[in-house]
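All remarks here apply to the structure that follows.
Just so it is clear, none of the values below were taken in a lab; they were calculated from the coordinates. The structure displayed is predicted, hence computed values, not measured ones. With ideal geometry, Cβ positions are generated from the backbone for all residues, glycine too; neighbour counts draw on all protein chains shown.
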Amino acid sequence: MAMKAQIKNRTVGERISFITAWIAKILLWLFMVAHCLSFVWALSWCVTSSFKGLIDFTLNPVSLPETWKWSNYKEAFSKFSMLAPTQDGTMVRYGIAPMLLYSFLYAAGTTFVLMVLITMCAYVISRYKFFGKEFIYTLGIVLMVIPIIGAGPADMRLNRLLGRYNNLLFVILTPSGTVFSGYQFLMIYSAFKGLSSSYAEAAEIDGAGHWRIFVEIMLPMVLPTVATFFILNFIGYWNGYGTFLIYLPSYPSLSLGIFDFESRSSVEGVPATVVMACYVIVMIPTATLYLCSQKLITAKFIVGGLKG
């Protein structure tokens, strides 16, 4: 009824534009719903398939399991392994426990170091005035648009010269991303830029220094933004296997392990349902992280008045 009333009081051209806009909104909404459902369906199919027997999976690939086969996960834990060279070249078979440890250390450590660098750099550039500020900001924008395709051989040579190759601690402390890592820097920079300077000025009157203002006042107000990028980066580093495959051959991760395990599963006669169980095991940490951090991501900080 409300929509009819809005259309009735318009001219023919306005009615056509109004109806067209509504149709576009509905189509966009339907597309987004279908897109989200496709991800939900793929995830649910992977989970349900991990509980099937091989015959059930072959005959009924999209149905629920006739019998929930929990032994697939026991078999996944026992068979999920990978051969990797040690520092002296000796081949060692790694199980799921060391791969889980390497994945967590790399994802958590690299993400933490990267977010600290991005956040501090964005804060300084957005809140302080100094010589060369505009040049640094412009340089960051330029670095974001320069393609890095084809720099692999030079990057490998540089990593070997610096001692970064096959050194997990060095890789964590010197993440491949920079303080101008894509839109993350711009988003955090904008978040700091949008904060009122009155909070910092009031803290300065009370005797707070630059570091205390940053840690105790400014950072908490942009924490949801920083936490969101932390989670996204963690998931990206957790799922990425390129760094382990090229630069850390002696430190196999879960992502590299599942890549290797799937490639040889057909040769070794490992059922597809066991491979699905391995996929579920690999994605449990990131799913748990998101569920535990969902409230923090969606929270909004309500800041009270200022001390006068």
Gain on full stretching of the segment that runs from Trp29 to Thr288 - 0.36 nm per residue minus C-alpha separation
90.4 nm
Rg and Dmax [Cα atoms of the chain; Å; Rg one decimal, Dmax integer]
25.6, 81
Amide H to amide H under 5 Å from Tyr94: which residues, 5+ apart in sequence or cross-chain, H placed 1.01 Å off N in plane?
Met82, Leu83, Ala84
Overall form of the range 25-145 per C-alpha gyration tensor (a/c, 1.5; a/b vs b/c):
oblate
In deg cm²/dmol, rounded to 500, what helix-only [θ] at 222 nm does the chain give when every DSSP H run of at least 4 residues adds -39500 (n - 2.57) and the total is split over its residues?
-22000 deg cm²/dmol
Note down the magnitude of the dipole of the range 94-298 about its Cα centre, charges +1 on Lys and Arg C-beta and -1 on Asp and Glu C-beta and zero elsewhere, to the nearest 20 debye.
260 debye
Choice from Ser78, Ser253, Ser198 with maximal GNM fluctuation in the chain (Cα, 10 Å cutoff)
Ser198
Among Thr138, Ala202, Ser81, which residue has its Cα furthest toward the positive end of the charge dipole of the chain, with +1 on Lys/Arg Cβ and -1 on Asp/Glu Cβ?
Ala202
